[in-house]
Amino acid sequence: MARPWIGIPELEEQVRAARIAVIAACPEPVQDLFRSAILCESIEEATRRETMAVDAVLALADPSDVGKEERAYCPLCGNGSSAPYARGFAFPEGLTRHLEGRSARRCPVFQEVWRLCIDAVWESGFDPMSGASSLTSAST
Ligand SMILES: [Zn+2]
């Protein structure tokens with residue numbers, strides 16, 4: 001239970017600081033990409049940067065042949081498939097699904113980085129009714 005004297009703005013700031021600390025703990029090759037992603041001003045830009053970040057994380061993976069396929073653990077969180085006896089994720093498809101959230105367990109590191117990104121889009125004036133940020137609308 002949260003202390004009753006902590007307000008929502010303070011909690012929001014603590015969550016933001018924790019998410020930024022998560023980025024600082026990421027492998028160096030993706031830190032700058034993640035830092036630039038949290039400055040997104042539109043959903044389109046966020047989506048484009050997410051794709052770039054997935055590619056960058058895949059490049060950090062260390063796949064190894066296991067039987068008939070290559071498998072790799074997530075370079076961000078260290079997780080692998082939850083299937084019994086499976087080592088890592090099928091590479092690159094399974095690891096990509098883990099990063100993009102198209103599997104049962106999204107990468108918790110990637111998820112927090114992208115929550116920061118979506119927060120930035122909202123703060124830039126995203127209008128959920130139009131489906132585009134006000135900045136994007138203003139430039140068209
Ligand atoms: Zn992960």
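Taken together, the values in this text are just the output of simple stated rules run on the coordinates, not laboratory data. Since we're looking at a predicted model, the values are computed, not measured. We place every Cβ from the backbone using ideal geometry, glycine too, and count neighbours over all the protein chains shown.
A compact globular protein would have a Cα radius of gyration near 2.2 N^0.38 Å; the ratio found for the chain is 1.20.
Under conditions of 25 °C and 0.890 mPa s, segment 69-126 yields 201 µm² s⁻¹ as its translational diffusion coefficient, taking Rh as the Kirkwood radius over Cα pairs in the Stokes-Einstein equation. Using Cβ point charges alone (K and R +1, D and E -1), the dipole size of segment 1-124 about the Cα centre works out to roughly 480 debye. Positive end of the dipole of the chain, charges at C-beta (+1 Lys, Arg; -1 Asp, Glu), about the Cα centre: which of F89, L11, Q31 has its Cα farthest in that direction? So the residue we want is F89. Helix content alone sets the calculated 222 nm mean residue ellipticity of the chain: runs of n ≥ 4 DSSP H residues at -39500 (n - 2.57) each, divided across all residues, give -16500 deg cm²/dmol.
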